[in-house]
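Novice: I have a structure here, written as structure tokens, and I will follow up with some questions on it.
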Amino acid sequence: MRELNFIRTGKLDWIERDEPVLTSAHRLSQAATADRVAVMDGGRIVEIGNHAELVAAGGQYAMLWRAWNGAAL
């Protein structure tokens, strides 16, 4: 459980820069910095892309982002 402990404590220095990492983000500010974001609804992926692509698409991610930022829908 070494990896789980590192992830839980936020110490990710053991991960190589070129290795893909799957993480679950519950904060939009964290998701916005990811290379790719998969938006799930009802256990299914409904959108996938980077932050700019998802906001431009106007889907569920964009609605959450605008609501979180206080922007008009």
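The values are calculated or read from the model by the stated rules, or taken from the named source; none is laboratory data. These numbers come from a predicted model, not from an experiment. Here Cβ is always computed from backbone atoms with ideal geometry, including for glycine, and neighbour counts include all displayed protein chains.
Novice: What do you reckon, is residue 46 outside any helix (DSSP H, G or I) and modelled with pLDDT of 85 or more?
Specialist: yes
Novice: Related question: Give the residues of the range 23-62 that are surrounded by 10 or more Cβ atoms within 10 Å (Cβ to Cβ) and of a type in the set (Lys, Arg), sorted by residue number.
Specialist: 36, the sole residue that qualifies.
Novice: Identify the residue in the range 13-29 that is within 8 Å of the chain's Cα centre (by Cα) and of a type in the set (A, V, I, L, M, F, W, C) and, among all such residues, is modelled with the lowest pLDDT.
Specialist: For the range 13-29, the residue satisfying everything is 25.
Novice: Further question: With (1) in a helix (DSSP H, G or I); (2) at pLDDT 80 or above as the list, and residue 33 as the residue in question, which single condition is left unmet?
Specialist: The number of the failed condition is (1).
Novice: Given the structure, is residue 38 hydrophobic (A, V, I, L, M, F, W, C), part of a loop (DSSP other than H, G, I, E, B), within 28 Å of residue 63 (Cβ to Cβ) and modelled with pLDDT of 80 or more?
Specialist: No.
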